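K.L.:
Encoded as structure tokens, here's the structure I'll be asking about.
The values are calculated or read from the model by the stated rules, or taken from the named source; none is laboratory data. What you are looking at is a predicted structure, and each value in this text was computed from that prediction instead of being measured. Cβ placement follows ideal geometry from the backbone for every residue including glycine, while neighbour counts extend to all protein chains displayed.
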Amino acid sequence: MIETSIPRPASLNKGLLITVVLAAVGYLNSFFAQSSMKEVMLRQGLPPEAVAQSGGMGVGMLIFSLLITGTLLFYIAKGFNVARVIWTVLGILGVLMSVFSIGLLFSVSTFVGLLSVVGMVGNVIGIVFMWMRDSSQWFAQMKADRLAP
């Protein structure tokens, strides 16, 4: 794991571990969902060209999302509170968007829907661990160390 001048508290390590594992599961779920969605779109009569184009956009979004996730988690692990705040805001927005699309995800596949629910719950748990008292104190200490001459 990424080394820091002050050892990370256990709660933050748990939050990071939960987040990384569930992010990996979420990306795998996205690939499953994408292939299932292509089948659904073709059955609904969408032209194959439109279905193929949506697949390319989906892969591009996954790569962009992976870059953002990796960057934010790296800076959280290094003790940058702003990354934790951004991760929290994006996580909450992601959970809210998932709640509104959960019916569609279950209609595509029960497996995709269940993985999405696990991802939402895990995302919230990971964020809670990142905001526990010892984690917040560690972020404050890391900031103080960076600002110290």
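K.L.:
Just a yes or no: is a residue in the range 134-145 within 17 Å of the chain's Cα centre (by Cα), under 22 Å from Val20 (Cβ atoms) and not acidic (Asp, Glu)? Working first, answer last.
P.N.:
To start, the set of residues in the range 134-145 that are within 17 Å of the chain's Cα centre (by Cα) comprises none.
Checked the range 134-145: no residue is within 17 Å of the chain's Cα centre (by Cα), under 22 Å from Val20 (Cβ atoms) and not acidic (Asp, Glu).
K.L.:
For the range 74-87, give me each residue that is in a helix (DSSP H, G or I) and crowded, with 18+ Cβ neighbours inside 10 Å.
P.N.:
Within the range 74-87, the subset in a helix (DSSP H, G or I) is 74-77, 81-87.
Within the range 74-87, Ile76, Ala77, Ala83, Arg84, Trp87 meet the criteria.
K.L.:
Give me a count of the residues in the range 108-123 that are over 12 Å from the mean Cα position of the chain (by Cα) and free of Cβ contacts under 8 Å to residues at least 12 places away in the same chain.
P.N.:
The total comes to 3.
K.L.:
Shifting gears a bit: Please indicate, with yes or no, whether at least one residue in the range 43-50 is at pLDDT 90 or above, part of a helix (DSSP H, G or I) and surrounded by fewer than 11 Cβ atoms within 10 Å (Cβ to Cβ). Step through it out loud before you land on a result.
P.N.:
Going residue by residue through the range 43-50, those that are at pLDDT 90 or above are none.
No; the residues of the range 43-50 include none that is at pLDDT 90 or above, part of a helix (DSSP H, G or I) and surrounded by fewer than 11 Cβ atoms within 10 Å (Cβ to Cβ).
K.L.:
Are any residues in the range 103-149 closer than 14 Å to Asn29 by Cβ and either touching a strand residue (DSSP E or B) at 6+ places or on another chain (Cβ under 7 Å) or of a type in the set (A, V, I, L, M, F, W, C) (or both), and if so, which ones? Step through it out loud before you land on a result.
P.N.:
Within the range 103-149, the first condition is being closer than 14 Å to Asn29 by Cβ, and the residues that meet it are 104-106, 108-123.
Scanning the range 103-149 gives Leu104, Leu105, Phe106, Val108, Phe111, Val112, Leu114, Leu115, Val117, Val118, Met120, Val121.
K.L.:
Name the residues in the range 89-136 that are in a helix (DSSP H, G or I), surrounded by 16 or more Cβ atoms within 10 Å (Cβ to Cβ) and of a type in the set (S, T, N, Q), would you?
P.N.:
Scanning the range 89-136 gives Ser98, Ser116, Asn123, Ser135, Ser136.
K.L.:
Quick one: is Leu67 among the hydrophobic types (A, V, I, L, M, F, W, C), at pLDDT 75 or above and assigned to a helix (DSSP H, G or I)?
P.N.:
Considered against the rule, which asks whether it is among the hydrophobic types (A, V, I, L, M, F, W, C), at pLDDT 75 or above and assigned to a helix (DSSP H, G or I), Leu67 comes out as yes.
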